[in-house]
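One structure below.
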Amino acid sequence: MVLFLAGLVPGGVMAEAKGTGPEASSAAIGDPEGTGESPYPPEVQVCLGCHTVDKEGARGPKAAPPLWGVVGREPTPEGVATERWGRASLDRWLTNPRSVAPETRSRFPGYADPERREKVLRFLESQQ
Ligand code: HEC
C-alpha cells in the first residue's frame, strides 16, 4: 500500500518540466526583430525604458525626450545650466541627473562608474 501511493506522486515529471523552453519575456530590449540579441550595449539598453535613441525617435513616442542628436543640442529639461549638451555636461547628467537639474522628471539614478558613462557617451556621439 505504501509503495502504491508513492508511485502516484508526480515529482519527477514536474521537476523536468521546469526551466525548459525559451521564456516569452527573455527578448532583449531594443530588439524589434526578436533575435534575442540587442544591437545596443547593456549600458544603453537601460535608457530604452524611457527614451528612443534612433533617428527621429522612429520607435515611437516615450515619456522622455528622444536622444538622437542630443550631443550639441539645447537641453530640454528645466534648469540645466548649459547652452548645448557636450561631453562634460552629458557626463555630469549621466552621473546623476538631479545634480544637474534638481527638479528633473528623470528618475534615472545615474551611473557612478566612469567606464559605463564613457560607453554611453560614445554611443550618444554616434547617434548623429
Ligand atoms: C526612468 C526613465 C529614464 C531612464 C531609464 C533614462 N532617462 Fe534620460 N530622461 C528621462 C526623462 C523623463 C527626461 C526628461 C527630464 C526633464 O525634462 O526634466 C530625461 C532626459 C534626459 C536627457 C536630456 C535630454 C534633452 O533633450 O535635453 C538626456 C541626455 C538623457 N535623459 C540621457 C539618458 C541616458 C543616456 C540614459 C541611459 C543611460 C537615460 N537618460 C535613462 C527619463 C529617463
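The values are calculated or read from the model by the stated rules, or taken from the named source; none is laboratory data. Because the structure is a prediction, the values reported are computed rather than measured. Glycine gets a Cβ as well: all are built from the backbone with ideal geometry, and neighbour counts include every protein chain shown.
Points worth noting:
- The residue that is farthest from the ligand (Cβ to nearest atom), counting only those in segment 77-128 that are closer than 17 Å to Pro66 by Cβ and hydroxyl-bearing (Ser, Thr, Tyr), is Ser126.
- Qualifying residue in segment 28-42 (condition: near the ligand (Cβ under 7 Å from one of its atoms) and closer than 17 Å to Gln127 by Cβ): no
- Arg105 in a loop (DSSP other than H, G, I, E, B) and either touching a residue at least 24 places away in the same chain (Cβ under 8 Å) or among the hydrophobic types (A, V, I, L, M, F, W, C) (or both): yes
- Screening the candidates Arg122, Arg92, Arg116 for the property of being surrounded by 15 or more Cβ atoms within 10 Å (Cβ to Cβ), without any contact (Cβ under 8 Å) to a residue 40 or more places away in the chain and part of a helix (DSSP H, G or I) yields one hit, Arg92.
- Phe108, sole failed condition from (1) modelled with pLDDT of 95 or more; (2) more than 17 Å from the chain's Cα centre (by Cα): (2)
- Of the criteria (1) part of a loop (DSSP other than H, G, I, E, B); (2) more than 6 Å from the ligand (Cβ to nearest atom); (3) modelled with pLDDT of 95 or more, which one Val70 fails: (2)
- Unmet criterion (only one of (1) in a loop (DSSP other than H, G, I, E, B); (2) within 19 Å of the chain's Cα centre (by Cα)) for Arg98: (1)
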